[in-house]
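Notes follow the structure.
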Amino acid sequence: MAETVLVGTDGSESAEYAVERALGEIAGGGTLHAMFVVDTAMFDETGLSSVELATTEIEDFGQERLADIAERGEKHGVEVITKCCHGNPTDELVAYADDIDADLIVLGQQGRSNRGKNHIGSVTDRVLRSTDRELLLV
């Protein structure tokens, strides 16, 4: 069993499977770090009010997902640390995995675009290519 696990979430169905799998990976003890990244390439943080509103809505959505993961972790007896940030999802996930010295990164195979069961999402693909850490794709 991994002691320090990072799970990335975007709220997609695949990410929800990843959360459940991550909780199972540390059932014997350890810490689950759950991360939601507001993609600043998608929601540029300029001073435009409609962009600010969209960014705020996405961040609120992310905070809700993270709160749900923390609650689920509590039910499983797992310590959960949550992090919501803004930036490039790949860069943020890889940097945070390095910061916490993650034993395992768990990601959904597909993100919100859900292009088919044999398709690997772009963030997952880039994380896979950007780290030497053990990855579990769900």
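Bear in mind that the values in this text are calculations on the coordinates, not laboratory data. Worth saying up front: this structure is predicted, and the values here are computed from it rather than measured. Reconstructed Cβ throughout: ideal geometry from the backbone, glycine too, with neighbour counts over all protein chains shown.
Placing R0 at 25 angstrom, the Cβ-Cβ distance between GLN63 and THR40 gives a FRET efficiency of 0.90 after rounding to 0.05. A simple spin-label model places pseudo-atoms 7 Å from Cα toward Cβ; at HIS119 and GLU74 they are separated by 3.7 nm. A straight chain from ARG129 to ALA54 at 0.36 nm per residue would run longer than the Cα-Cα distance by 24.0 nm. Descending by average beta-carbon neighbour count within 10 Å, the peptides 1-8, 57-64, 124-131 line up as 1-8, 124-131, 57-64, the highest first. Judged by the gyration tensor of its Cα atoms, with axes a ≥ b ≥ c, the chain is prolate; a/c meets the 1.5 cut and a/b is the larger of a/b and b/c.
The charge dipole of the chain, taken about its Cα centre with unit charges on the Cβ of Lys, Arg, Asp and Glu (plus for the first two, minus for the last two), comes to roughly 540 debye. In this structure, LYS83 and GLU3 have a Cβ-Cβ separation that, at R0 = 22 Å, corresponds to a calculated FRET efficiency of about 0.80. Each of GLN110, ALA67, ALA95 was placed along the dipole of the chain (beta-carbon charges, centred on the mean Cα), and the one lying farthest toward the positive end is GLN110.
Karplus-derived 3J(HN,Hα) values for region 66-77, using 6.51 cos²θ - 1.76 cosθ + 1.60 with θ = phi - 60°, are 5, 4, 5, 5, 4, 5, 5, x, 4, 5, 8, x Hz; glycine and proline are entered as x.
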